[in-house]
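What follows is a single structure, written as structure tokens, with notes after it.
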Amino acid sequence: PCKVRIVMAFADDPANVQNRNSVRSSTSITWAVWKALLLREAVARLSATRTAWLWLLLDPVVQIIFLNVLFGFVLQRLIGNIDMGLFITTGVLGFGLARNTAMRIKDAITANDTLLTYRQVLAVDTVLVRAGLEALLFIISALCLFTGLGLIGYQVFPHDFLQVMLAFVALWLAGVGLGLILSVSSQLIPESGKVGGVLLGPLYFVSGIMYPPSAIPPAYQGWFLLNPFVHGIETIRTGFFPQYHTIPGVSMGYLLAFVMVTICLGLALHVRYATRVVTK
């Protein structure tokens, strides 16, 4: 059925319906491929299990409640003038967006390998479409979560909306960059995909999700700031809470530099090993 959708997307494009003999542009072909892949990915993601769509909404909620129970008392003493629930929420959503994007698109080529027999479908198409779907699902999940928090009395509208949006976009792009690299390396060296997943796990605990970076001893804060996710999460928090002061050294420029390097490297790998990835 998925192959049929791909073929139908190519056949029923408006440009071809008007003139079957006309030559389609590369842009129209790419757009048709992306639409078909997005439909396939969305159906597969939301119908994987009976409660797949429900868990999409509940996953961040469970994490937030769990972290509030574990670290609520400590956070109350460290940042008494900041709402603990929103503090943890911003950390969970920021890190989750980057990590989930990277891990989901890491397996995009393997999940769509049968479609790569069509010459219109490139390996990088499957990666980019899955990244776009992850962003769309995150927006829906975040809107539902913040709406729920707002209904129970939380002040969910950020102090600096544009800064918060920029930080979220940068974290998503960081996940895309890592995913582009891992999607190629996992095809060439299968063990590298597992190593990437293992390395992203500990970052959950050293990205400042459940504590402010100011709680880290000054002697180790420099090492702590090597983690690019910290810069995005702290930027989100300073955009949410005008009274929140982060540690010196937090910079969106560092995160954006990381984004540029990883995306350029990932795209270069896709171009260099395009044939090997498809024939693997």
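The values are calculated or read from the model by the stated rules, or taken from the named source; none is laboratory data. None of the values given here were measured: they were computed from a predicted structure. When we count neighbours, we look across all protein chains shown, and the Cβ atoms used for this are built from the backbone with ideal geometry, even at glycine. The area values use the complete protein model at the heavy-atom level, side chains included, leaving out ligands, DNA and RNA. Shrake-Rupley method; radii C 1.70, N 1.55, O 1.52, S 1.80 Å.
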Residues being assigned to a helix (DSSP H, G or I) and either closer than 22 Å to MET84 by Cα or in contact with a strand residue (DSSP E or B) (Cβ under 6 Å, 6 or more places away or on another chain) (or both) - total across the stretch 172-215: 4
Scope the stretch 124-158; condition more than 21 Å from VAL43 (Cβ to Cβ) and among the small types (Gly, Ala, Ser); matching residues: ALA142, GLY148, GLY150, GLY153
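Tell me which residues, restricted to the stretch 220-248, are part of a helix (DSSP H, G or I) and more than 15 Å from ALA174 (Cβ to Cβ).
We begin by selecting, within the stretch 220-248, every residue part of a helix (DSSP H, G or I); these are 220-224, 228-240.
Of everything in the stretch 220-248, those that are part of a helix (DSSP H, G or I) and more than 15 Å from ALA174 (Cβ to Cβ) turn out to be TYR220, GLN221, GLY222, TRP223, PHE224, ARG237, THR238, GLY239, PHE240.
Which of the residues that make up the stretch 264-280 are open to solvent by less than 60 Å² (accessible area, probe 1.4 Å) and part of a helix (DSSP H, G or I)?
We begin by selecting, within the stretch 264-280, every residue open to solvent by less than 60 Å² (accessible area, probe 1.4 Å); these are 266, 268-270, 273-274, 277.
GLY266, ALA268, LEU269, HIS270, ALA274, VAL277, listed by residue number.
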Considering residues of the stretch 196-231 that are of a type outside the set (Val, Ile, Thr) and touching a Pro at 6+ places or on another chain (Cβ under 7 Å) only, the residue nearest to ASN100 (Cα to Cα): PHE224
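Restrict the check to the stretch 197-208 and report whether at least one residue is over 23 Å from TRP223 (Cα atoms) and among the hydroxyl-bearing types (Ser, Thr, Tyr). Don't jump to the end; show me each part of the working.
In the first step, residues of the stretch 197-208 are kept if they are over 23 Å from TRP223 (Cα atoms); the result is none.
No; the residues of the stretch 197-208 include none that is over 23 Å from TRP223 (Cα atoms) and among the hydroxyl-bearing types (Ser, Thr, Tyr).
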Members of the stretch 215-263 that are among the polar types (S, T, N, Q), surrounded by fewer than 16 Cβ atoms within 10 Å (Cβ to Cβ) and under 21 Å from the mean Cα position of the chain (by Cα): SER251
Which listed residue, of GLY179, GLY201, is within 30 Å of THR110 (Cα to Cα), in contact (Cβ under 8 Å) with a residue 60 or more places away in the chain and of a type outside the set (S, T, N, Q): GLY179
